[in-house]
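The values are calculated or read from the model by the stated rules, or taken from the named source; none is laboratory data. These numbers come from a predicted model, not from an experiment. Neighbour counts are summed over all protein chains in view; Cβ atoms, including those assigned to glycine, are modelled from backbone coordinates with ideal geometry.
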Amino acid sequence: MKFSIRSLKAYRSLLISLFLLMSIFSWRQISFLTINNYLLGETINHLKRILFYGIYYLSMVVAIITAAILFKSIYKVPMHLWSFLTVIISIPLLFFEAIGTDITLLYSVASGALFGFGFPFCFAFFAESTDIQSRGRMGATIFFLISLIFIMFGTASNNLNLQEFSLFAIIWMCTATIILWKMQISMPSTRKEIKLKSIISDRSFLLYFISWTIYCLIDLLEAPLLQNFLNETFGADFRNSVLLLGTISAAFFILFTGFLIDLYGRKRILLYGFIALGIAYATVSIAPSSQILWYFYSIIDGIATGSFVIILLFTIWGDLSPQGASEKYYAIGGLPYISIVVIKEIIRPYVILIPVTAAFSFASFFLFLAVIPLMYAPETLPEKLIRRRELEKYVEKAKKIREKYEKQKED
C-alpha cells in the first residue's frame with residue numbers, strides 16, 4: 001500500500017511537471033511568434049530587429065536571474081497567477097488588426113519577463129519531481145510533447161491573423177491557468193542557499209557549461225549560413241527538405257536519447273554526439289556540392305540537437321544541483337540556449353559572407369574542442385546504477401542462453 005501511495009505521488013508530480021513545462025514553453029512560443037510576425041510584416045531594418053529581439057531576450061534573462069536569486073519570495077505567488085498574467089497581456093492584442101512599434105516593444109518586455117520569472121520554478125519542480133535514474137527519459141518525454149505543441153503553434157501562426165492568433169493564445173493559456181489552479185502547485189519551502197558565484201566556480205558545472213556554450217555558438221553561427229548556402233546552391237525546395245529531415249530526426253531521437261542516457265550515462269552520449277556532429281560538419285566542408293552528404297549531415301545534426309537539448313537543458317543541471325537548489329543551476333545553465341537568437345540576429349549579415357567550406361571546417365574544429373571539457377567532466381549518473389543495469393542485462397542474456405541450451409538438450 002505504501003508503494004502505491006508513493007507511486008501515485010510520483011506520477012502526480014510528473015504530471016504537474018509536464019503541465020508546468022508545457023505552459024512555460026507554450027508561452028515562449030506564443031510570444032516569440034507574435035513578435036516575429038510583426039517583424040516579418042513590417043519593413044524593419046537590421047538594427048531594429050536586433051532592438052526588438054534584444055529587449056525580448058534581455059528582459060527574459062534579467063527575469064530568470066532575478067527569479068533564481070529571489071526564489072523563496074517570488075514563488076509564494078502561485079503559478080496559476082503567473083499563467084493568468086499571460087492571458088492579461090494577450091487580451092489587448094484582440095483589439096488590433098496589426099500592432100505598432102510601441103505596443104510590440106511593451107509586449108516584448110512583458111512577455112519576455114513573464115517567461116523568465118516562470119523558468120526557474122518550472123525546471124526546479126521538474127528536477128525535484130524526478131530521480132536521477134529516470135530524469136533523462138522523463139525530460140525527453142516532456143520535450144517531445146512540447147515539440148508537437150510547437151508544430152501546432154507554428155501552423156496556427158501561419159494561418160491566422162493577429163486577432164485570431166491572440167484569441168487562440170488566450171484560450172490556450174486560460175486552459176493552462178485552470179489546470180494549474182486545480183493542481184494547487186507548491187514548491188517545498190526548504191531551500192538551500194547557494195550563491196551564483198559558487199555555481200559558476202563549480203568545476204563539474206563549468207566543464208559541461210563550456211561544451212554547451214560552444215555548441216550553442218556554433219549552431220547560431222552556422223544556421224543562417226547553412227540556409228543561405230542551400231537556398232542559393234540547390235534551391236528552396238531542397239533547403240526545406242534538408243531542414244525537415246533534421247527536424248524529424250531530432251523529434252524521433254529525443255525519446256531514444258532519454259532512455260540511452262538513463263541506461264549508459266550522460267557523458268558518453270554527449271561525447272558521441274559531439275564527435276558525430278564534428279564529423280558531419282567536416283564531411284560537408286569537403287564536398288559541399290553533394291546532396292547526399294547534406295542529407296547525412298541533416299540526420300546527424302537532428303540527432304545531436306535532440307540529444308544536447310535533453311541532456312544539457314533538462315537533465316544535467318538537475319543532476320549536478322543539490323536537493324533544494326536546482327533553480328539557480330537551471331537559470332545559469334539555460335542562458336546559452338535562451339539568448340541564442342539575439343546573437344544570431346546581430347551576426348546574420350556577416351556570417352553569410354563567409355565561404356561555406358571555411359565556416360564548416362571552423363565549426364568541426366570547435367566541436368572537437370568542445371569534447372575536451374567533457375573528457376574531464378564527471379559522469380552524473382551514479383556508476384553503481386550503470387553497473388547494475390549492465391549486470392541485469394547480462395543475467396537476462398545468460399537466462400535466455402540457458403533456456404535455449406536446456407530446450408536443445410531435451411530435444
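Some observations on this one:
- Residues of region 111-139 satisfying the condition of being surrounded by fewer than 20 Cβ atoms within 10 Å (Cβ to Cβ) and in contact (Cβ under 8 Å) with a residue 24 or more places away in the chain: E128, I132, Q133, S134
- All of P322, P288 fail the test of being more than 18 Å from A223 (Cβ to Cβ), not polar (S, T, N, Q) and not assigned by TED's automatic domain parsing to the domain that holds A140, apart from P322.
- F144 fulfils the conditions (1) assigned to a helix (DSSP H, G or I); (2) touching a Ser or Thr at 6+ places or on another chain (Cβ under 9 Å) except for a single criterion, (2).
- Restricting attention to region 227-251, the residues that are buried (at least 20 other Cβ atoms within 10 Å of the Cβ) and either of a type in the set (A, V, I, L, M) or within 18 Å of the chain's Cα centre (by Cα) (or both) add up to 4.
- Scoring I303 on the criteria (1) at pLDDT below 80; (2) touching a helix residue (DSSP H, G or I) at 6+ places or on another chain (Cβ under 9 Å) leaves a single failure, condition (1).
- Being under 28 Å from T283 (Cα atoms), assigned by TED's automatic domain parsing to the domain that holds F259, surrounded by 24 or more Cβ atoms within 10 Å (Cβ to Cβ) and of a type in the set (A, V, I, L, M, F, W, C) holds for only one residue in I310, I340, I352, and it is I310.
- Residue check for Y11: surrounded by 22 or more Cβ atoms within 10 Å (Cβ to Cβ), assigned to a helix (DSSP H, G or I) and at pLDDT below 90: no
- Residues of region 222-253 that are within 20 Å of A287 (Cα to Cα) and either outside the structural domain of Y376 (by TED's automatic domain parsing) or among the aliphatic types (A, V, I, L, M) (or both): A223, L225, L226, L230, A236, V242, L243, L245.
- Meets criteria (of a type in the set (V, I, T), at pLDDT below 90 and over 29 Å from E345 (Cα atoms)) for I50: no
- Among (1) among the charged types (D, E, K, R); (2) in contact with a helix residue (DSSP H, G or I) (Cβ under 8 Å, 6 or more places away or on another chain); (3) not in a helix (DSSP H, G or I), the one test that E222 misses: (3)
- Matching entry among L196, L221 (being in contact with a Lys or Arg (Cβ under 9 Å, 6 or more places away or on another chain) and over 30 Å from Y297 (Cβ atoms)): L196
- Any hit, region 293-301, residues being more than 30 Å from M138 (Cβ to Cβ), buried (at least 16 other Cβ atoms within 10 Å of the Cβ) and free of Cβ contacts under 8 Å to residues at least 12 places away in the same chain: yes
- Residues in region 192-226 that are at pLDDT below 80 and surrounded by fewer than 17 Cβ atoms within 10 Å (Cβ to Cβ): K192, E193, A223.
- Identity of the residue in region 140-164, over 18 Å from the mean Cα position of the chain (by Cα) and hydroxyl-bearing (S, T, Y), that ends up surrounded by the fewest Cβ atoms within 10 Å (Cβ to Cβ): T155
- Candidates S23, S83, S73, S59 - the one that is hydroxyl-bearing (S, T, Y), farther than 21 Å from V342 by Cβ and surrounded by fewer than 22 Cβ atoms within 10 Å (Cβ to Cβ): S73
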